[in-house]
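Down below is the structure, laid out as structure tokens.
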Amino acid sequence: MATSGTVSETTFNTLKVIDHAFRRCRLPAQAITAEMHSYAKDALYLLLSDLANGKPPSWCIERQVYPMYQNQPIVTLDVGTVGLLNVNYLQLQELTGTATVSTTTNKTYDLESASSVNSVGIKWSGYSVTLTFQTSDDAIVWTTVGTQTTLASSGEWTWMDISGALPARYFRITSTSAQSVEQYYLGTLPQEVPLGQLNLDSYAAQSNKVFPGRPVSYYFKRDRLNPLLYLWPAPWAASETAQLVVWRHRHVMDVGTLAQEVEVPQRWMEAIVNSLAARMAMETPSVDVNLIPMLEARAAASMSQARDGDNDGSSTFIQPRISAYTR
């Protein structure tokens with residue numbers, strides 16, 4: 001018989017996850033009410049939130065770039081940040097081309113020879129607008145290499161990584177609205193330097209927490225909404241044209257509508273359905289209590305298998321920690 005010819009194109013939305021969880025609780029479709037769907041969504045949200053307490057799920061690891069400002073050692077991280085895996089200080093060399101066009105909606109640079117722009121920094125003098133970045137060899141035919149929509153206000157920096165663009169002589173920054181910009185920065189030859197992590201005791205012991213210099217270490221403080229990153233030394237003037245590269249572990253996306261998908265990969269779907277079924281059995285009076293031990297055992301086994309298989313296949317390095325002696 002013929003196969004489907006497709007791989008991983010089956011849509012498994014939130015409603016299907018919840019319905020299958022109820023079926024594993026031996027509940028028929030006619031017994032599932034709107035109220036049960038409502039608290040099943042809440043239970044699914046709690047289940048996905050609980051994934052953050054173990055090994056970071058591979059799809060919840062992402063790279064972020066933050067600006068730094070002179071004499072401001074505290075960096076506010078995005079909501080949903082659970083932990084930090086790596087923090088690097090990224091230095092750039094500035095490309096100093098000649099501005100051949102300079103209007104409120106078009107800034108074009110002649111770099112004099114084919115050059116790679118790896119990162120673009122914008123220091124705003126007003127509210128930010130959507131920017132489009134383009135390259136060209138002749139200033140006639142242009143290739144779009146990136147678009148930036150980050151929100152910012154006067155005095156703030158935004159950074160855009162330009163990845164995959166070929167070296168070109170001309171580089172331009174365009175927009176449909178007027179650009180209120182204090183400074184443009186075209187960066188090349190990026191170099192990342194890892195920062196060391198401090199525990200609370202080590203950071204608190206620093207006698208001068210606003211000592212200016214190039215940051216070499218940080219202390220990570222988990223707050224309820226926005227975690228904080230305390231840099232030491234405090235960024236100096238040169239840090240404003242550098243970047244703070246953060247590899248963070250974030251929460252799984254919130255549960256949306258019943259028609260939307262749950263943000264878990266296909267290989268995790270069985271574990272999520274089994275775990276939700278065990279939780280729903282505890283909360284639904286009409287479920288036979290004798291099923292609960294079986295559902296919990298099945299959930300634990302499938303969740304363990306999903307976590308064990310969620311890796312990048314690289315070699316394992318064991319680094320002893322002394323967290324019991326620090327805080």
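List of remarks:
- Of the residues making up the stretch 193-206, one or more are without any contact (Cβ under 8 Å) to a residue 12 or more places away in the chain, farther than 25 Å from residue 103 by Cβ and surrounded by fewer than 16 Cβ atoms within 10 Å (Cβ to Cβ).
- Checking the stated criteria, residue 99 turns out to be surrounded by fewer than 13 Cβ atoms within 10 Å (Cβ to Cβ) and not assigned by TED's automatic domain parsing to the domain that holds residue 283.
- Selection count where residues are part of a strand (DSSP E or B) and hydrophobic (A, V, I, L, M, F, W, C), scope the stretch 158-174: 5
- Looking only at the stretch 135-154, residues that are crowded, with 17+ Cβ neighbours inside 10 Å and not in a loop (DSSP other than H, G, I, E, B) come to 4 in all.
- Strands (runs of 3 or more DSSP E) wholly inside the stretch 175-259 containing at least 1 residues that are outside the structural domain of residue 50 (by TED's automatic domain parsing) and over 19 Å from the mean Cα position of the chain (by Cα): 181-194, 196-198, 217-221, 228-232
For every residue, the table says whether it meets (1) of a type outside the set (Gly, Ala, Ser); (2) in contact (Cβ under 8 Å) with a residue 40 or more places away in the chain; (3) more than 30 Å from residue 249 (Cβ to Cβ); (4) not assigned by TED's automatic domain parsing to the domain that holds residue 261.
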position	(1), (2), (3), (4)
19	yes, no, yes, no
25	yes, yes, yes, no
29	no, no, yes, no
32	yes, no, yes, no
35	yes, no, yes, no
38	no, no, no, no
45	yes, yes, no, no
49	no, yes, no, no
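- Checking each residue in the stretch 164-183 for being surrounded by fewer than 17 Cβ atoms within 10 Å (Cβ to Cβ) and touching a residue at least 24 places away in the same chain (Cβ under 8 Å) picks out 166, 167, 176, 177, 178, 180, 182, 183.
- Hey, residue 114 without any contact (Cβ under 8 Å) to a residue 40 or more places away in the chain, outside the structural domain of residue 220 (by TED's automatic domain parsing) and more than 22 Å from the chain's Cα centre (by Cα) or not: no
The values are calculated or read from the model by the stated rules, or taken from the named source; none is laboratory data. These figures come from a predicted structure and were not determined experimentally. Cβ: placed from backbone, ideal geometry, glycine included. Neighbour counts: every protein chain shown.
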